[in-house]
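Q: Before we start, here is the structure in question, set down as structure tokens.
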Amino acid sequence: MDKVYKHQDVEKKWYTLWEKGGYFTPRPPAGGSGQAPKKKPFTIIMPPPNANDPLHIGHAMFVTIEDILIRYYRMKGNPTLWLPGSDHAGIETQYVFEKKLQKEGKSRFDFTREEFYKTVYNYVMENTDIMTAQLRKLGASCDWTRFKFTLDSDIVKIVYETFYQLYRDGHVYRSERMINFCPRCGTAFSDLEAKDVVQKDSLYYMKYGPFTLATVRPETKFGDTAVAVNPSDKRYKKWIGKEVEVEGLMGKFTMRVIADEVIDPKFGTGVIKVTPAHDPDDFEIAKRHNLEIRRVIDFNGRLNEKTGKYQGLTVKEARKVVVSDLEKKGLIEKIDENYEHSIKVCYRCGMTLEPMLLPQWFVKVDELKKPAMEVVKKGDIEIIPKRFTKQYLNWMTNLRDWNISRQIWWGIAIPAWYCTDCTKIEKIGGITSIPKDAPVVVQEEKPKKCHKCGGTDFIQDPDTFDTWFSSGQWPYATLMTAKPNDFDSFYPTSVMETAADILYLWVARMIMLGIYKTGKIPFHTVYLHAIVRDKHGQKISKSKGNIIDPIEMAEKYGADALRLALIWGIAPGGDSYMGEEKILGMRNFGNKLWNIGRFIRMNMDFFEKQGISIPSYSSSDERSEESRSLLQSSSRLRSNNIDRSNLSPEDKKILTQLGMLERGVTKEIENFQFAKAAERLYEFIWHTFADKYIEEAKVELRKNNAEKLSILIYVYKTCLTLLHPFMPFITEEIFRELNPNNKNPLIASVWPNI
RNA sequence: GGACGAUUAGCUCAGCGGUAGAGUACUGCACUCACAUUGCAGGGGUCGCAGGUUCAAAUCCUGCAUCGUCCACCA
């Protein structure tokens, strides 16, 4: 054995051997004679990484955890499937790509939609290759023969079927509602994608006919269609229902005064202007009072032709100009400059979101959420850590209809068609707007003839699906399309392991859609890991410059060291911190492990040269399928050639401790306590086995005590087996060094039976 | 405005009813005989604050403080 473990060569070599050997593909349950009870399949659907960016440390986190589980169950003999994939990540990818275009001085509007789609597709394909190579580097033992992409035609077909079904069942509808629109990204977002930011703004008290009212958005005044007060507000009672005359920037106009319960008399002066087209609350008020809805801001974030000389100004610019003009006219009474409130910004680009009216497709969640809550309440789906159960249920309770249409090109086109003869199609600020009540045909193919007017020209809905609408179907969509019978064999899956911050965005939707489409839960257990932080506990982000590149770390210290460092010292669901020193420490552990192997190998060589035979102490490499039953039925101590009475107290002690370790590690893995399992192994291997037992054994080895060596080999090999899920490469390499003639690699060895 | 989490050794975190733990950092000694990516030895904490329950509390309860996360349509 080399003096130093060379992880670069070893990792590449073994990954190729494993993959070529077909070890990642699920094998039928053991028990050739058909006597052995069939073991339950163990399945994880990999959260598909976005196909637009190389992997970051968070990906390395889920790879580590999932690979530990997968390797463990595979060694236990369960038919084990880990299905990999990648996500087209609509908005994310389009954003990244448009930024790239911007650098080249271009925009998406320089392309036709088809060209754009094709260009992004090629870009994504290139990235996918990088991404899958990186997953391999980290040791992910997933089944590449079943790799799926969210835009694979068979996946898209299933996404469409679900959409048709939802539409037929009345769970999907098209409607005009106030949505969060990002003028820079040019698309609407769901509520979850709108980030709340608290900031200080000016609150303007402006004169408005006989009233003074407070607003932070004077620039929207051109869209006002009423003035509202609280019905019980004595100050304004006499005005309710009356028309008032208001002096404005574009002359005098009249405005109706209405009363609505939502108006807080304590806010400002107790009077508000109602701007239904640009404020969600005002929109609701307008619906109750049948007010006119007048849009004055376009989808490009600029004021439109209804605003006279202000047309073309951005919201920000317009606010300044409008305020200064109002001041000139003496219409501003006072300005509170320290008004603190929260606004919604685009989670992607940080731009202030404009509440806008645009017809959108929605999933009605009322009926979908009921069973999705039930299964969690009843424990059919267990969420780990437990505290997220409450969060999940709470969120579900308050869940509102889900906007699933996005005004972007990169994604799955919505299969809906409108007859151009009986529909008035408008282009507003780069957005194609189709009226909310337009007759729609929901199907994949372009319809031939309009049932209403007989027209033959149709336009497809210009929008694409929210990425989460397709990834929300991932567990069943993948299994229905990967290999024949996969769905029957592996659905519902065992564990959904993912980051805690997408519990709502993704997990909740998978549960709702999974139950709706298949009648079954998509997975039994949800295991949520928290975010990886840097060594100071800071959130990792590009802007902070504290990025830890997992691939760089794996190249420097080895994937094994990185993997162990990632799960080291964290409670389930607790935040993980990651510093280079930690990886270094784990690399050192690997070095220790390697040197124990060298020590044993050297002694084996020495004994063999002397012609001393080493008794076999039931080594795990010989646990073939045939010997499995033997192992299951009898104690390993009795199944070997060692006379138990010869064991020294130290031997008995180490074997007892080893037994405890086997039980401990097994229990911890099954309880998702990976850090505990790893710590037990670390402690035993280094401080119990190496520091104490081996040191004591040296005396006996010098006396050519072959039985001592056989116990060393046995304990060590067992450790390698137990450690394999955590550090697959180095354990596999040492294992081979100790058994050069054994064809059966450690990845296919049998987990110690307990 | 709600909900949840955190507060333990210089740093990052485990422990969650029974004599304070890990990694890392630090100090001293030790390199022919597996490993200096090492070994041996050691220093370092009234476990955020204040009450309470208990024979016994980092650990359970109550309140407070600070930090963080999520949720919520308030102009």
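The values are calculated or read from the model by the stated rules, or taken from the named source; none is laboratory data. These numbers were taken from a predicted model, which means no experiment stands behind them. Virtual Cβ from ideal backbone geometry, glycine too; neighbours counted across all protein chains shown. What goes into the accessible areas is simple: the full protein's heavy atoms, side chains included, and nothing from ligands, DNA or RNA. Shrake-Rupley method; radii C 1.70, N 1.55, O 1.52, S 1.80 Å.
Q: All but one of (1) without any contact (Cβ under 8 Å) to a residue 24 or more places away in the chain; (2) more than 15 Å from RNA strand B (Cβ to nearest atom); (3) open to solvent by 30 Å² or more (accessible area, probe 1.4 Å); (4) farther than 20 Å from A:S202 by Cα hold for A:G251; which doesn't?
A: For A:G251, the failing item is (3).
Q: Within region A:694-703, is even one residue surrounded by fewer than 19 Cβ atoms within 10 Å (Cβ to Cβ) and not in a helix (DSSP H, G or I)?
A: Checked against the condition, which is being surrounded by fewer than 19 Cβ atoms within 10 Å (Cβ to Cβ) and not in a helix (DSSP H, G or I), region A:694-703 yields at least one hit.
Q: Can you tell me which residue within region A:328-356, out of those that are in a strand (DSSP E or B) and among the basic types (K, R), is most open to solvent (accessible area, probe 1.4 Å)? Walk me through it before giving the result.
A: Pass one, region A:328-356, residues in a strand (DSSP E or B): A:332-346, A:352, A:354-356.
Adding the requirement that they be among the basic types (K, R) leaves A:334, A:344.
Details: A:K334: 108, A:K344: 81 Å².
My answer is A:K334.
Q: Kindly indicate the residue of region A:693-707 that is in contact (Cβ under 8 Å) with a residue 40 or more places away in the chain and away from RNA strand B (no atom under 14 Å from the Cβ) and also farthest from A:P79 (Cα to Cα) among those meeting that condition.
A: Checking each candidate, the answer is A:N704.
Q: Another question about this same structure. Where residues in region A:390-424 are touching an Asp or Glu at 6+ places or on another chain (Cβ under 8 Å) and among the hydroxyl-bearing types (S, T, Y), which of them is most open to solvent (accessible area, probe 1.4 Å)?
A: The selected residue is A:T420.
Condition check ((1) open to solvent by 20 Å² or more (accessible area, probe 1.4 Å); (2) within 27 Å of A:P484 (Cβ to Cβ); (3) in contact with a Lys or Arg (Cβ under 8 Å, 6 or more places away or on another chain)) across all residues:
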| site | (1), (2), (3) |
| --- | --- |
| A:T112 | yes, no, no |
| A:K118 | yes, no, no |
| A:M125 | yes, yes, no |
| A:K148 | no, yes, no |
| A:D152 | yes, yes, no |
| A:V156 | yes, yes, no |
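Q: If you don't mind, another one. Across region A:449-476, what is the number of residues that are over 14 Å from A:T162 (Cα atoms) and either outside any loop (DSSP other than H, G, I, E, B) or open to solvent by 10 Å² or more (accessible area, probe 1.4 Å) (or both)?
A: Residues meeting the conditions: 15.
Q: Let me ask something else about it. Exactly one condition in (1) aromatic (F, W, Y); (2) more than 22 Å from A:H88 (Cβ to Cβ); (3) touching a His at 6+ places or on another chain (Cβ under 9 Å) is false for A:F149; which is it?
A: For A:F149, the exception is condition (2).
Q: Right, something else. Considering only region A:380-398, how many residues are in contact (Cβ under 8 Å) with a residue 40 or more places away in the chain and either among the hydrophobic types (A, V, I, L, M, F, W, C) or closer than 30 Å to A:T464 by Cβ (or both)?
A: Going through region A:380-398 one residue at a time, the tally reaches 8.
Q: Please enumerate the residues belonging to region A:189-229 that are under 22 Å from A:E340 (Cα atoms), within 9 Å of RNA strand B (Cβ to nearest atom) and assigned to a strand (DSSP E or B).
A: A:A194, A:K195, A:D196, A:V198, A:D201, A:L203, A:L213, A:A214, A:T215
Q: I've got another one for you. Among what's in region A:260-283 and is more than 23 Å from A:G301 (Cβ to Cβ) and either touching a His at 6+ places or on another chain (Cβ under 8 Å) or open to solvent by 80 Å² or more (accessible area, probe 1.4 Å) (or both), pick the residue that is farthest from RNA strand B (Cβ to nearest atom).
A: Per the criteria, the residue is A:E261.
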